[in-house]
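Novice: Quick one: the structure is below, questions incoming.
Only the coordinates and a few stated rules stand behind these numbers; no lab work does. Since the structure is predicted, the reported quantities are computational estimates derived from the model, not experimental observations. Virtual Cβ from ideal backbone geometry, glycine too; neighbours counted across all protein chains shown.
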Amino acid sequence: MSRPHPHHGPGPEDLVEAARACGVADERLLRVLRTTERPAFVPPSHRASAYVDVPIPIGHDQVTTQPSLVAMMIAALGLTGDERVLEIGSGHGFQTALLARLAAYVISVERWADLAEQARANLAGQGIENTEIIVGDGTLGVADRGPFDAIVVSAAFPEVPPPLAAQLRTGGRLVQPIGPGGREQVELYEATPQGLVRRRTIALAHFVRLYGEHGYPSTASSQDVD
């Protein structure tokens, strides 16, 4: 008697393979990508597609970054485990979780209070404690907590906000989508004694705009979301 083959949906290995296909070769990063449960970091209505390598909407006209692109951006930071990382744009905390498992400590700045609250809950639910989510203007960074060894910006602007450049220690790396929002070059920079130096383009991608004092002017307050 023949039995129907069980249907297996996409799983963590699909994200690992997508990252490998984009050139990510850091085995430590791939292991963290494999063991971090993306379904825990997406809205319940999208859990079925959590292991598909696509962005997922999370409200406020925001989407999560495609996992393979997250992996490419994190890989460019060259994390070894003892870094203090600044993340601009927490979303639902998936990238934060990956960073937290690859570095010593992550401070993440999120514009929307409800997204920050969700990210905190998602990270706590996975037992990740070496992170701090702050609601505020990401373009200002967190001056009193720097300097940082690495900075990753998950929104687009034509230049790196000066406060972020100032909060990166010499030799530190910064990844940011450079462009107007919608068609970007994701760039890797390194802090030198002379200032930020662009090292290479990581990928071409579509990102939402970076809003704030050193980004695009915001049309609505981010503090009024309960």
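Novice: Mind checking the dipole of region 67-153: about its Cα centre, +1 per Lys or Arg Cβ, -1 per Asp or Glu Cβ, Debye to the nearest 20?
Specialist: Working: 5 positive and 11 negative charges, 32 e Å.
Computed charge dipole of region 67-153: roughly 160 debye.
Novice: Let me ask something else about it. Of (1) 27; (2) 24; (3) 35, which one was derived for percent of Cα pairs over 28 Å apart from the structure shown?
Specialist: (2)
Novice: Consider a paramagnetic label point 7 Å from the Cα of residue 21 along Cα→Cβ; state which residues of region 178-194 have an amide N under 17 Å from it.
Specialist: Under cut-off, by backbone N: nothing.
Novice: Tell me, what HN-Hα J-couplings in whole Hz come from the Karplus equation 6.51 cos²θ - 1.76 cosθ + 1.60 at θ = phi - 60° for each residue of region 123-131, using x for Gly and Pro?
Specialist: Taking θ as phi minus 60°, the curve returns 5, 4, x, 9, x, 8, 10, 8, 9 Hz for region 123-131.
Novice: What are the ³J(HN,Hα) values, in whole Hz, obtained from phi via the Karplus relation 6.51 cos²θ - 1.76 cosθ + 1.60 with θ = phi - 60°, for each residue of region 148-158 in sequence order, with x given for Gly and Pro?
Specialist: 9, 7, 8, 9, 10, 10, 9, 8, 9, 7, x
Novice: Magnitude of the Cβ-charge dipole of the chain, K/R +1 and D/E -1, about the Cα centre, nearest 20 debye? Provide the component values of the computation, followed by the final result.
Specialist: Numbers: 19 positive and 26 negative charges, 129 e Å.
Magnitude of the dipole: close to 620 debye.
Novice: Just to check I understand the Karplus step: with θ = phi - 60° and J = 6.51 cos²θ - 1.76 cosθ + 1.60, what whole-Hz values come out for region 72-82, glycine and proline as x?
Specialist: With the stated coefficients, region 72-82 comes to 5, 5, 5, 4, 5, 6, x, 5, 10, x, 10 Hz.
Novice: I've got another one for you. Can you give me the distance in nm between label points at residue 28 and residue 124, each placed 7 Å from the Cα along the Cα-to-Cβ direction?
Specialist: Here the modelled spin labels are 2.9 nm apart.
Novice: If you average the alpha carbon positions of region 132-176 and of region 179-213, how far apart do those two centres end up, in angstrom?
Specialist: 11
Novice: Right, another one. Run the numbers for residue 14 and residue 199: contour at 0.36 nm per residue of separation, minus the present Cα-Cα distance, in nm. Show your work: numbers first, answer last.
Specialist: On the way: separation 185, 0.36 × 185 = 66.60 nm, distance 2.95 nm.
Here the segment from residue 14 to residue 199 would lengthen by 63.6 nm.
Novice: Mind listing which GluC sites (Glu not before Pro) in region 93-167 are in a DSSP loop and have 16 or fewer other Cβ atoms within 10 Å? Don't skip to the end; give the middle numbers.
Specialist: Working: sites: 110, 117, 129, 132, 159; in loops: 129, 159.
Answer in residue order: 129, 159.
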